[in-house]
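**Q** Submitted below is the structure of interest, expressed as structure tokens.
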Amino acid sequence: ELEEAEAEIMGNVQESLKEDVLRIQDYINFSRNTARSTSLTSIKNSILEAHSLAMNIYERYKDVMAEDELKQIIKTTLAAMIYEFDDSYLFIISMDGVLELHTDAPETAGQNVLNSKTSDSRFILKEMISLAEKRGEGYIDYLWPKPGNPDVPYEKTSYIKLFAPYQWVLGTGNYQDTITKHTQELVLRR
């Protein structure tokens, strides 16, 4: 009787453990599968918010403020936006390739970055400008170094949108490994 009771209890524990493990596996797979789409939505929403802010400021002050002053107010406002990850940042490039704003490297503003290449020799800023000219906005995947680590390229997806009044391309993105690490941390916490 003791052996039967032990076998029954252990059988229930084993079944319960199997169910728990399967539930955890399902959660891990779900988290992994939704992480990229969540990230894409996040960066798109950030740029749509930045564009909306810029447009509201532009519309409100375009007739009462000097253009240079208005541009600076828009840049200062957008630079104050907060991002989900430490290695995310906002950038603004003009259609002629001049970097108007880079929130992680403000000292680079004013430089012409049109001929900047990725590690696989793509002229990524030319591609972004072309995308903005053709479609007005969209996603773009490429290899790019992280802030503070200029020698190592990482997979990155950015969302860009044309700010028509000044012919600027607004953009931000997320690095794939950062998304993966963040997802792993969330799964481990749960």
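**Q** When only C-alpha pairs under 8 Å and at least 6 residues apart count, what is the relative contact order of the range 64-190, in percent?
**A** Relative contact order for the range 64-190 comes out at 21 percent.
**Q** Please report the carbon-and-sulfur percent of the accessible area for the chain; probe 1.4 Å, protein heavy atoms only, DNA, RNA and ligands left out.
**A** 51 percent
**Q** Using alpha carbons only, how many angstrom separate the centre of the range 96-171 from the centre of the range 50-92?
**A** Cα centroid of the range 96-171 versus Cα centroid of the range 50-92: 17 Å apart.
**Q** While we're on this one: Hey, what's the range 104-190 come to in accessible area per residue, 1.4 Å probe, Å²?
**A** 55 Å²
**Q** Here's something else I'd like to know. Between ILE73 and ASN112, what is the label-to-label distance in nm when each label sits 7 Å out along the Cα-to-Cβ direction?
**A** A separation of 3.1 nm, rounded to one decimal place.
**Q** Of the listed values (1) 21.2, 74; (2) 17.6, 60; (3) 23.4, 92, identify the label whose number matches Rg and Dmax of the Cα atoms in Å calculated from this model.
**A** (3)
**Q** From the C-alpha coordinates alone, can you work out the Kirkwood hydrodynamic radius of the range 81-190, in Å?
**A** It is 14.6 Å.
**Q** Report, in deg cm²/dmol and to the nearest 500, the calculated mean residue ellipticity at 222 nm for the chain, where each DSSP H run with n ≥ 4 adds -39500 (n - 2.57) and the sum is divided by the residue count.
**A** -18500 deg cm²/dmol
**Q** Note down the relative contact order for the range 1-139 as a percent, whole number, built from C-alpha pairs under 8 angstrom at least six residues apart.
**A** 10 percent
**Q** Would you compute, for the Cα atoms of the range 134-190, the largest minus smallest coordinate along each principal axis and list the three values in descending order, in whole Å?
**A** So the three principal-axis extents are 45, 30, 17 Å.
**Q** Another question about this same structure. For the chain, give the magnitude of the charge dipole about the Cα centre (Cβ charges: +1 Lys/Arg, -1 Asp/Glu; no others), in debye to the nearest 20.
**A** 1120 debye
**Q** Mind checking the full-extension length gain between VAL152 and HIS182? Use 0.36 nm per residue of separation minus the Cα-Cα distance, one decimal, nm.
**A** 8.8 nm
**Q** Work out, step by step, the length gained on full extension between GLU49 and GLU4: first 0.36 nm times the residue separation, then minus their alpha carbon distance; give nm to one decimal.
**A** Taking GLU49 through GLU4 to full extension adds about 9.7 nm, to one decimal.
**Q** Excluding same-chain residues fewer than 8 positions from LYS126, which lysines have a Cα within less than 21 Å of its Cα?
**A** Result set, ordered by chain and number: LYS44, LYS117, LYS134, LYS146, LYS156, LYS161.
**Q** Report the gain in length on full extension from ASP141 to THR41: 0.36 nm times residue separation, minus Cα-Cα distance, nm rounded to one decimal.
**A** That works out to 34.6 nm of additional length.
The values are calculated or read from the model by the stated rules, or taken from the named source; none is laboratory data. Treat the numbers as computed from the prediction; the structure is a model and nothing was measured. We place every Cβ from the backbone using ideal geometry, glycine too, and count neighbours over all the protein chains shown. What goes into the accessible areas is simple: the full protein's heavy atoms, side chains included, and nothing from ligands, DNA or RNA. Shrake-Rupley method; radii C 1.70, N 1.55, O 1.52, S 1.80 Å.
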